[in-house]
1. Tally up the residues in the stretch A:25-42 that are buried (at least 24 other Cβ atoms within 10 Å of the Cβ) and more than 9 Å from chain B (Cβ to nearest Cβ), please.
2. Which condition from (1) among the charged types (D, E, K, R); (2) more than 24 Å from A:Arg99 (Cα to Cα); (3) at pLDDT below 95 is the one that B:Arg187 breaks?
3. Please give the strands (runs of 3 or more DSSP E) falling wholly within the stretch A:22-76 in which 2 or more residues are more than 8 Å from ligand 1 (Cβ to nearest atom) and touching a residue at least 12 places away in the same chain (Cβ under 8 Å).
4. Are any residues in the stretch A:203-234 touching a Lys or Arg at 6+ places or on another chain (Cβ under 7 Å), part of a loop (DSSP other than H, G, I, E, B) and surrounded by 19 or more Cβ atoms within 10 Å (Cβ to Cβ), and if so, which ones?
5. Can you confirm whether the stretch A:130-140 contains a residue that is within 11 Å of ligand 1 (Cβ to nearest atom), at pLDDT 95 or above and not hydroxyl-bearing (Ser, Thr, Tyr)?
6. Out of all the residues in the stretch A:48-59, is one or more more than 14 Å from every other protein chain (Cβ to nearest Cβ) and either among the hydrophobic types (A, V, I, L, M, F, W, C) or crowded, with 22+ Cβ neighbours inside 10 Å (or both)?
7. Restricting to the stretch A:235-274, name every residue that is over 13 Å from A:Glu218 (Cα atoms), among the aliphatic types (A, V, I, L, M) and in a helix (DSSP H, G or I).
8. Of everything in the stretch B:106-153, what is among the polar types (S, T, N, Q) and either touching a Pro at 6+ places or on another chain (Cβ under 9 Å) or within 14 Å of chain A (Cβ to nearest Cβ) (or both)? Give them in sequence order.
Amino acid sequence: MEFLQPSSWSDALAAKAARPDAVPIAGGTDVMVELNFDRRRPPALLDLTRVGALTEWGYDGDLLRVGAGVSYRRIIDELGGVLPGLAMAARTVGSPQIRNRGTVGGNLGSASPAGDAHPPLLATDALVEVASVRGTRTVPVDEFFTGPKRSVLAPDELIAAFLVAPAAGPQQFAKIGTRNAMVIAVCSFAVALHPATRRVGTGIGSAAPTPLRAHQAEELLAAELPWHSRGSLPAPLVRRFGELVAGAAAPIDDVRGTAAYRRQALAVLARRTLGWAWAQLSASQGEPGGRS
Amino acid sequence: MRITCTVNGERHEADDVWPGESLLHVLRERLALPGAKNACEQGECGSCTVYLDGLPVCACLVAAGQAQGRTVITVEGLPAEVHPGLPAGTGEGLFADAGALDPVQRAFIEAGAVQCGFCTPGLVVAVHDLLARNPRPADPDIREALAGNLCRCTGYEKILEAVRLATGSARVAPAEGAQAGGLPAQRTPPQGPPAGGAE
Ligand SMILES: Cc1cc2nc3c(=O)[nH]c(=O)nc-3n(C[C@H](O)[C@H](O)[C@H](O)COP(=O)(O)OP(=O)(O)OC[C@H]3O[C@@H](n4cnc5c(N)ncnc54)[C@H](O)[C@@H]3O)c2cc1C
Ligand code: FES
Ligand code: FES
């Protein structure tokens, strides 16, 4: 097995072009499990941890551009204020040891339907920046996933970063696991409110072949939330929102839960996270620009 | 490939390392540092926890080549570390050889938080890090910080007691019927007998 260790982004792209069969490794929290258990024996590993550019984040115009190699720990510590939904999700990933190494880039790279970074990225209209020696393209995150553990990444492409607007309203994330810590999601849900534009973003995890948005549920809330008064949420609206979220999912029965349970749980998560986010928005009334 | 890194303050070299090999394997099998334990090799048990460039990580999930040129501290190297989080003299005078132990290690022994001891090295590193970041953690902080470390023996109450002891905030006696509900007591244990074995 070869071990490729580029120290610059251009070298990394050149290496991936020359060895499309090389498996990128960032935090290693998915890749090493496969190697340790002999599930994978790639001809080459492409270590991305020496590429400094991947661990940087900053503003690109109005958007935040966060390098693929920024760890969950840094998302929580450094970006919690501007990306609260993603930071909440990051805090549920594995353990401190896993969060010290694991990255959003690796989560996208694995493209697991259960990846915890995915619902908040979906809810906030994030873009995935992918690059190769042929050039750079940005893919809306809801077009990034093509199936369980499959994405639009070409064999010579690497994920450079994700781009997302800093929160302009409340964001929430909730996850059901078989216990409190160190679990892969049975299902998960993220919601983001954009009060200035009266839009709502959603993201569903672990309840379909890919992470996905609940478009009808988003449209319902955009049209019917009491945006102006920010008064209490009408119960029928909340219930209908839960139903539409559950309806958008396409869950399966597996060892972690049945499809029926997942649908039921998603409706509950959707109602709860909406309630929390709306309470935040109501509480922020009077502050200039709301809680932005 | 050849791996050179600083482990516990000393430069170490290992030759003929297979690139897909884990840092844990390099430490245990090539550098004769068996403190970090191998129980699951999938990041679930935390018994292989070491500091890598100052952050606790599962050594089983770091590819050997990723540690090239980096700084590793294992449980064997902790007593030499200056500990910012602990009050001076914690646990001193308990044992004749106490000088060779980190205060966290001493607290584990004093609290009876060591039974078979297999999880202890990983827990000690995780607690060491917790106290460096937060010298006075509340119980929920302790539970969150230790969520990645499995113990099959203690039921976790003694481990919580050890952390409280290390911070100087131990209760005289643990509360009657105290629960360790937030820690992974119910988790499926690591498969089979621990590979490599405790020495
Ligand atoms: C004990 C344990 C608990 C876990 N708990 C959770 C959890 O709660 N929630 C969750 O979502 N995940 C969890 N995971 C899975 C894992 O931690 C995450 O998927 C993490 O985000 C992977 O990031 P990484 O940097 O470690 O990726 P790596 O393992 O380095 O890589 C993962 C995949 O992405 C590819 N890749 C990495 N970087 C790039 C890049 N820049 N461009 C292209 N491809 C790339 C790799 O080739 C590989 O296919 C857990 C894992 C373990 C071991
Ligand atoms: S051996 Fe590394 S976490 Fe279990
Ligand atoms: S003391 Fe035996 S596993 Fe913890």
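1. The first filter runs over the stretch A:25-42 and keeps only residues buried (at least 24 other Cβ atoms within 10 Å of the Cβ), leaving A:25-29, A:32, A:35.
Add one more test, that the residue is more than 9 Å from chain B (Cβ to nearest Cβ), and what stays is A:26.
Of the residues in that region, 1 qualify.
2. Among (1) among the charged types (D, E, K, R); (2) more than 24 Å from A:Arg99 (Cα to Cα); (3) at pLDDT below 95, the lone unmet condition for B:Arg187 is (2).
3. Details: elements: A:23-25, A:44-47, A:57-60, A:63-67.
Correct list: A:44-47, A:57-60, A:63-67.
4. Selection gives A:Ala207 alone.
5. Filtering the stretch A:130-140 for residues within 11 Å of ligand 1 (Cβ to nearest atom) gives A:130-132.
Now drop any that are not at pLDDT 95 or above, which leaves A:130-132.
Cutting the leftovers down to not hydroxyl-bearing (Ser, Thr, Tyr) gives us A:130-131.
Checked the stretch A:130-140: at least one residue is within 11 Å of ligand 1 (Cβ to nearest atom), at pLDDT 95 or above and not hydroxyl-bearing (Ser, Thr, Tyr).
6. Yes; the residues of the stretch A:48-59 include at least one that is more than 14 Å from every other protein chain (Cβ to nearest Cβ) and either among the hydrophobic types (A, V, I, L, M, F, W, C) or crowded, with 22+ Cβ neighbours inside 10 Å (or both).
7. Once the filter is applied, which keeps residues that are over 13 Å from A:Glu218 (Cα atoms), among the aliphatic types (A, V, I, L, M) and in a helix (DSSP H, G or I), the stretch A:235-274 yields A:Ala235, A:Ala259, A:Ala260, A:Ala265, A:Leu266, A:Ala267, A:Val268, A:Leu269.
8. So the first thing to find is which residues in the stretch B:106-153 are among the polar types (S, T, N, Q), and the list is B:115, B:120, B:134, B:149.
Across the stretch B:106-153, the qualifying residues are B:Asn134, B:Asn149.
The values are calculated or read from the model by the stated rules, or taken from the named source; none is laboratory data. Treat the numbers as computed from the prediction; the structure is a model and nothing was measured. Note that we place each Cβ from the backbone using ideal geometry, even for glycine, and neighbour counts take in every protein chain shown.
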